[in-house]
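Read through the structure below, which is laid out as structure tokens, and then see the notes.
The values are calculated or read from the model by the stated rules, or taken from the named source; none is laboratory data. This is a predicted model, so every value here is computed, not measured. Here the Cβ positions follow ideal geometry from the backbone for every residue, glycine too, while neighbour counts run over all protein chains shown. Just the protein is used for accessible areas: all its heavy atoms, side chains included, with ligands, DNA and RNA removed. Shrake-Rupley method; radii C 1.70, N 1.55, O 1.52, S 1.80 Å.
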Amino acid sequence: MNNEISVGDRSKQKAIEWATATVSWGPARLALKKGAHQAARARGRAMERRGELPAIANIYTASTPKAGSQWMRAVFNHPVVRAQTNLFTVPQLNYQDKPERGLPLASYVPGLYVRYDEYRRIPHRHPHRVVYMFRDPRDVVVSGYFSAVKTHQNTYNAYVEQVRDELRAMPFDEGLLKLIEEAAPRLQEIATWAGIEDPNVEAFKLEEVSADPEPHVRRMLAHCGVELSEADLATLLADTSRESLQAKDLAKREAGAESHYRVDRKGYRDLFQPEHYAAVEKAVPGLVAQLGYPD
């Protein structure tokens, strides 16, 4: 079987990515995303009937928001990787709504923000792989705070926009504490993935990947059955470097806007007060230590 994604699929992929990046009205964006999922389901069913599914029928990149999900999407949606996987990249949706409905076959699913037990409810008739990214929960909330008040583009979600306005009106320490409280359910999702033993799931730490991407990218790709030439790997690493992704992100924003990838990269050690440490520990007791992060 030819494992390279077809010209028609490449055209559809580009059209969907252009539309979801360009359309700014929330309901229209959601309709486009759902339409893309329906098209991907039809493609996957047709490939299944013809016996043309890839050996790995689905790849998921899972994490909590602010823990490398955009970087992982850039890796697995890169043309040199898609040429090997033959997977269609579907737009991110709220997969927690009905995980038992399943996801389109022959698709790469980015931004899987779910509990481990919710992931386990996703039915699989064919082999699949999950790449899960951990990040120090304390830096997750710091990054989340700055994303909320500065760098994240409009969410088109009334509740989220209200929280953002409240954070902006508060002194920094109070706002960060409120953000930790709001983020507690997401931090608790991280805890459900800690220490699991599942052959379909390979876990990574964002801090380690950022410090030395090459060996970790090799391991991610190997877990997902992807073998790249040294030239293609070099291209992938260059195109998914922080600097490259930051430049691409800024190119899509208005002049003078800040990138999703912060320039000021202060972390929890620079910003936390005792009450912030206590709030994270209350939300996820023992998780920081369980993940092997320093006090």
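Which order do the peptides 231-239, 127-135 take when ranked by the mean count of other beta-carbon atoms within 10 Å per residue, highest first?
Top to bottom by mean Cβ count within 10 Å: 127-135, 231-239.
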Using a 7 Å offset from the Cα along the Cα-to-Cβ direction at both D295 and A184, what is the distance between the two label points in nm, to one decimal? 2.5 nm
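Which pairs in the list K205/K266; K98/K248; K34/K266 are over 25 Å apart, alpha-carbon to alpha-carbon?
Beyond 25 Å: K98/K248; K34/K266.
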Estimated inter-spin distance, R265 and F172, nm [label 7 Å along Cα→Cβ]: 1.9 nm
Pair L237, A55: separation of 7 Å Cα→Cβ label points (nm): 2.4 nm
Quick one: length gained pulling D97 to T192 fully straight, 0.36 nm per residue minus the C-alpha distance? 32.4 nm
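With every protein chain left in place, what is the accessible area per residue of segment 57-103 in square angstrom, probe 1.4 Å?
31 Å²
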